[in-house]
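Engineer: Let me give you the structure first, and then I'll get to my questions.
The values are calculated or read from the model by the stated rules, or taken from the named source; none is laboratory data. Keep in mind it's a predicted model, so treat the numbers as computed, not measured. Please note: Cβ atoms are built from the backbone with ideal geometry, for glycine as well, and neighbour counts cover all protein chains shown. Areas reflect the complete protein model, heavy atoms only, side chains present, ligands, DNA and RNA absent. Shrake-Rupley method; radii C 1.70, N 1.55, O 1.52, S 1.80 Å.
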Amino acid sequence: MKIWDLSTRLYHWVQMILFAALLVTGFTGSGPHIPFGLAILTLVIWRLIWGIVGSETSRFKQFLRSPIYVLRYISGKETVAPGHNPAGGWMVITIVFTLFIQCLCGLAVAGFLDSWPYAEILLNDEVVALLENIHSLFAKALLGLVGLHVLAILFYKFRSKPLTWTMVTGKSIHVIPTEPLMFVSQWRALIVLAVSTSVTIAIVVFS
């Protein structure tokens, strides 16, 4: 059964590659860290929009559940829906929003927000130094979150639920929807990507 559309799968793997590149260039202090950061900012903006207008299993409203629901799922009292499980859904949203904050801090530290209104007041030396520390701290936090994500994948792998392969093929044999899933046109994904890219370009041009 098809679970993930093509654009969501591409997003996942491209984000993984860019995140690894950002870790290497960030911790070593060499390499095109800023271009990689702008690229992942574009991806994150795309994902935030796609979480609203994308295919059913990619929408936030489909996989975000209350903490009580998550606890009930972990205790085996709730069934698994197609796509992200309730616990995995919160991991996804945490990683995406942490990346978004990380990108905003990176934009400020790199000087891309210096020409914005009141930047000389809001982004003084003390604030920029604080944002730089947050940027460094969040890099370590993201590394921990990704580690937890990998552990969860291994856990499900040992339970004969290959999540990685599902994200490659887009199909799963373990969850069968009671109703057909809704998949939107991938042209919509391209339009969202164009909008996201335009936002990033505008930030660079008007910096």
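Engineer: Go over the candidates L122, L137, L148 one by one and state the one that is of a type in the set (A, V, I, L, M) and touching a helix residue (DSSP H, G or I) at 6+ places or on another chain (Cβ under 8 Å).
Structural biologist: Just one listed residue meets the conditions, L148.
Engineer: For segment 5-25, give me each residue that is under 17 Å from Q102 (Cβ atoms), surrounded by fewer than 18 Cβ atoms within 10 Å (Cβ to Cβ) and more than 13 Å from the chain's Cα centre (by Cα).
Structural biologist: Answer for segment 5-25, where residues must be under 17 Å from Q102 (Cβ atoms), surrounded by fewer than 18 Cβ atoms within 10 Å (Cβ to Cβ) and more than 13 Å from the chain's Cα centre (by Cα): A20, L23, V24, T25.
Engineer: Let me ask something else about it. V128: open to solvent by less than 40 Å² (accessible area, probe 1.4 Å), part of a helix (DSSP H, G or I), among the aliphatic types (A, V, I, L, M) and without any contact (Cβ under 8 Å) to a residue 24 or more places away in the chain, yes or no?
Structural biologist: yes
Engineer: Here is a further query. Where residues in segment 93-117 are among the aliphatic types (A, V, I, L, M) and in contact with a Phe, Trp or Tyr (Cβ under 7 Å, 6 or more places away or on another chain), which of them is farthest from L23 (Cα to Cα)?
Structural biologist: Checked segment 93-117; the qualifying residue farthest from L23 (Cα to Cα) is I93.
Engineer: Among the residues that make up segment 134-156, is at least one of them farther than 23 Å from W46 by Cα and assigned to a loop (DSSP other than H, G, I, E, B)?
Structural biologist: For segment 134-156, residues farther than 23 Å from W46 by Cα and assigned to a loop (DSSP other than H, G, I, E, B): absent.
Engineer: Something else now. Only one of I52, I45, I93, I34 is surrounded by fewer than 15 Cβ atoms within 10 Å (Cβ to Cβ) and at pLDDT 90 or above. Can you tell me which?
Structural biologist: I52
Engineer: Any idea which residue in segment 185-200 is farthest from L43 (Cα to Cα), counting only those that are surrounded by fewer than 19 Cβ atoms within 10 Å (Cβ to Cβ) and among the small types (G, A, S)?
Structural biologist: S185
Engineer: Separate question: Please list, ordered by first then second residue, the pairs with beta carbon atoms under 7 Å, 6 or more apart or interchain, first in segment 152-169 and polar (S, T, N, Q), second assigned to a helix (DSSP H, G or I) and modelled with pLDDT of 75 or more.
Structural biologist: T164/I153
Engineer: Is there any pair linking a residue in segment 99-119 that is closer than 15 Å to A202 by Cβ and touching a residue at least 60 places away in the same chain (Cβ under 8 Å) to one that is open to solvent by 20 Å² or more (accessible area, probe 1.4 Å) and not β-branched (V, I, T), with Cβ under 6 Å and at least six apart or on different chains, and which?
Structural biologist: Short answer, once both residue conditions are applied: L107/L113; F112/S207; S115/S207.
Engineer: Where in segment 10-114 are the helices (runs of 4 or more DSSP H), entirely inside, with at least 3 residues that are in contact with a Gly (Cβ under 9 Å, 6 or more places away or on another chain) and within 30 Å of E179 (Cβ to Cβ)? I'd like the intermediate steps shown before the answer.
Structural biologist: Numbers: elements: 33-53, 60-63, 67-74, 86-110.
Where helices (runs of 4 or more DSSP H) fall fully within segment 10-114 and carry at least 3 residues being in contact with a Gly (Cβ under 9 Å, 6 or more places away or on another chain) and within 30 Å of E179 (Cβ to Cβ), they are 60-63, 86-110.
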